[in-house]
Amino acid sequence: QVQLVESGGGLVQAGGSLRLSCATSGFTFSTYAMAWFRQAPGKEREFVAAIRWNGGSSLYADSVKGRFTISRANAKNTVYLQMNSLKPEDTAVYYCAARLGFENTHYENYNYWGQGTQVTVSS
């Protein structure tokens with residue numbers, strides 16, 4: 001069955017870095033666009049970053065542009081999110097998602113989801 005398993009979350013001080021990973025199985029990873037979304041308590045799920053199936057194109061939310069980098073390793077069926085210069089407002093549960101088609105910023109367009117990993121940034 002389809003599985004997406006996030007890891008790499010944790011507690012970090014403002015200005016620090018974390019690298020999230022999302023290991024996948026059960027679908028043809030190299031043909032799916034991948035994305036990261038996040039959801040803070042009391043807020044709606046929001047788009048963070050997305051990458052095309054071949055890594056040739058990526059999208060970022062304005063709030064993370066220049067600080068976060070999405071990448072993928074098709075040979076490992078894994079997508080990553082490198083997060084630098086973290087801010088307290090980055091605190092959220094981070095989810096990876098997969099979509100058959102082009103990268104997209106809307107969560108309702110994604111087919112598969114992971115269970116999420118908590119990222120907490122202290123001030």
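The values are calculated or read from the model by the stated rules, or taken from the named source; none is laboratory data. None of these values were measured; they are calculated from a predicted model. As a convention, Cβ positions derive from the backbone with ideal geometry for all residues, glycine included, and neighbour counts pool all protein chains shown. Heavy atoms of the whole protein, side chains included, go into the accessibility calculation; ligands, DNA and RNA do not. Shrake-Rupley method; radii C 1.70, N 1.55, O 1.52, S 1.80 Å.
Given the conditions (1) free of Cβ contacts under 8 Å to residues at least 12 places away in the same chain; (2) assigned to a strand (DSSP E or B), report the number of the one that VAL119 does not fulfil.
(1)
Within the bounds of the stretch 52-71, is there any residue that is without any contact (Cβ under 8 Å) to a residue 40 or more places away in the chain, assigned to a loop (DSSP other than H, G, I, E, B), of a type in the set (A, V, I, L, M, F, W, C) and touching a helix residue (DSSP H, G or I) at 6+ places or on another chain (Cβ under 6 Å)?
Among the residues of the stretch 52-71, at least one is without any contact (Cβ under 8 Å) to a residue 40 or more places away in the chain, assigned to a loop (DSSP other than H, G, I, E, B), of a type in the set (A, V, I, L, M, F, W, C) and touching a helix residue (DSSP H, G or I) at 6+ places or on another chain (Cβ under 6 Å), which makes the answer yes.
Can you find, within the stretch 98-123, the residue that is modelled with the lowest pLDDT among those that are in contact with a helix residue (DSSP H, G or I) (Cβ under 9 Å, 6 or more places away or on another chain) and farther than 19 Å from MET83 by Cα?
It comes out as GLY101.
Checking ARG38 against (1) assigned to a helix (DSSP H, G or I); (2) in contact with an Asp or Glu (Cβ under 8 Å, 6 or more places away or on another chain); (3) among the charged types (D, E, K, R), only one condition comes out false. Which one?
All conditions pass for ARG38, except number (1).
Report whether or not ARG19 is out of contact with any Cys (no Cβ under 9 Å at 6 or more places or on another chain) and within 22 Å of SER122 (Cβ to Cβ). Show your work before the answer.
On the way: out of contact with any Cys (no Cβ under 9 Å at 6 or more places or on another chain): yes; within 22 Å of SER122 (Cβ to Cβ): yes.
Against the criterion (out of contact with any Cys (no Cβ under 9 Å at 6 or more places or on another chain) and within 22 Å of SER122 (Cβ to Cβ)), ARG19 qualifies.
GLY16 - would you say it is more than 11 Å from the chain's Cα centre (by Cα), assigned to a loop (DSSP other than H, G, I, E, B), at pLDDT 95 or above and at positive phi?
Working: more than 11 Å from the chain's Cα centre (by Cα): yes; assigned to a loop (DSSP other than H, G, I, E, B): yes; at pLDDT 95 or above: yes; at positive phi: no.
Judged against the criteria, GLY16 is not a match.
Within the stretch 32-44, is even one residue among the polar types (S, T, N, Q) and either open to solvent by less than 30 Å² (accessible area, probe 1.4 Å) or within 16 Å of LEU100 (Cβ to Cβ) (or both)?
As a first pass, look at the stretch 32-44 and keep what is among the polar types (S, T, N, Q): 39.
From the residues that got through so far, the ones that are either open to solvent by less than 30 Å² (accessible area, probe 1.4 Å) or within 16 Å of LEU100 (Cβ to Cβ) (or both) too are none.
Within the stretch 32-44, not a single residue is among the polar types (S, T, N, Q) and either open to solvent by less than 30 Å² (accessible area, probe 1.4 Å) or within 16 Å of LEU100 (Cβ to Cβ) (or both).
Might you check whether a residue that is on the phi > 0 side of the Ramachandran plot, at pLDDT 95 or above, open to solvent by less than 60 Å² (accessible area, probe 1.4 Å) and among the small types (Gly, Ala, Ser) occurs anywhere in the stretch 72-81?
no
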